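Trainee: Here it is, the structure, as structure tokens.
The values are calculated or read from the model by the stated rules, or taken from the named source; none is laboratory data. This structure is a prediction, so every number in the text was calculated from the model and none was measured. Glycine gets a Cβ as well: all are built from the backbone with ideal geometry, and neighbour counts include every protein chain shown. Ligands, DNA and RNA are stripped out before the accessible areas are found, and what is left, the full protein with its side chains, is counted by its heavy atoms. Shrake-Rupley method; radii C 1.70, N 1.55, O 1.52, S 1.80 Å.
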Amino acid sequence: MRTILTALAALALSACANTPAPSPQDTFFANLSTLCGNAYSGRVVTTDAADASFASQPLVMHVRDCSTSEIRVPFNVGENRSRTWVITRTAEGLRLKHDHRHEDGSEDVLTQYGGDTANSGSSTRQEFPADEHSKQLFRANNIPASVDNVWAVEVHPGQTFAYELRRPNRHFRVEFDLTRPVPAPPASWGAN
């Protein structure tokens, strides 16, 4: 009997050893998913003068809609509910898109821009360089500086969530305190 139990234990350990560890992107997505339903207040932590209007208003992110393949995170700036970050699983990694809407729910001319991860990142930080669709959109709308955009999202469980934009001569970062949930805001403009 003891030999059979030892063999079964060895077989179970062998099966566990053959189970691949989750990828950094899987862990990142799982960590973000644990925030679903919660809202958090934030603050701009960079000091670029272009961000003064954001920095002077209440900032709230709400991990509102979650599935196994997509997480929608509305980002409210004061009373403006036009912005939603959309993080989606792809066959190669993760994708970040910015869904921008008008108050009537119609899409803004600058919407659905973002990009896909170029590498596995880490379990706490994923970076999204601008994709070709975004570059074409930026060029068509006469904002060529944005073609070099790289966005990042960070999730440090139980501590902070951060959203960041970088490009030459530009750095914007807002951090949200995950230790203190706040009441969920009204849905983003155009949300179902």
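Trainee: Return an integer: the convex hull volume of the alpha-carbon atoms of the range 33-124, in Å³ per residue.
Mentor: 137 Å³
Trainee: What does the convex hull of the Cα atoms of the chain come to per residue, in Å³, rounded to a whole number?
Mentor: Per-residue hull volume (Cα only) is 152 Å³.
Trainee: When the Cα centres of the range 115-137 and the range 20-64 are compared, how far apart do they sit, in Å?
Mentor: Their Cα centres are 16 Å away from one another.
Trainee: Check which residues have an amide H placed less than 5 Å from Thr160's amide H, if you skip close sequence neighbours.
Mentor: Leu178
Trainee: Between the DSSP loop rule and a limit of at most 16 other Cβ atoms within 10 Å, which GluC sites (Glu not before Pro) in the range 95-142 are left? Don't skip to the answer; put the middle values down first.
Mentor: Numbers: sites: Glu103, Glu107, Glu127, Glu132; in loops: Glu103.
Those that pass, being in a loop and sparsely packed, are Glu103.
Trainee: Taking the C-alpha atoms of the range 46-92, how large are the radius of gyration and the largest Cα-Cα span, Dmax, in Å?
Mentor: Radius of gyration, then largest Cα-Cα span, for the range 46-92: 13.6, 39 Å.
Trainee: Find the Rg to Rh ratio for the range 128-192, where Rh is the Kirkwood radius over alpha-carbon pairs and Rg uses the same atoms.
Mentor: Expressed as Rg/Rh, it is 1.08.
Trainee: Length gain on complete extension for the stretch Glu103 to Ala118, per 0.36 nm per residue less the alpha carbon to alpha carbon distance?
Mentor: Result: 2.0 nm gained on full extension.
Trainee: Run the helix sum for the chain: -39,500 (n - 2.57) per DSSP H stretch of 4+ residues, divided by residue count, reported at 222 nm to the nearest 500 deg cm²/dmol. Display every interim value, and only then the final one.
Mentor: Details: 4 runs with 39 residues, N = 192.
Here the helix-only value at 222 nm equals -6000 deg cm²/dmol.
Trainee: Report the residues of the range 70-102 in range of a label on Arg180: point 7 Å along Cα→C-beta, backbone N strictly under 20 Å from it.
Mentor: 75-79
Trainee: How much accessible area per residue does the chain have, counting only protein heavy atoms and a probe of 1.4 Å, in square angstrom?
Mentor: 54 Å²
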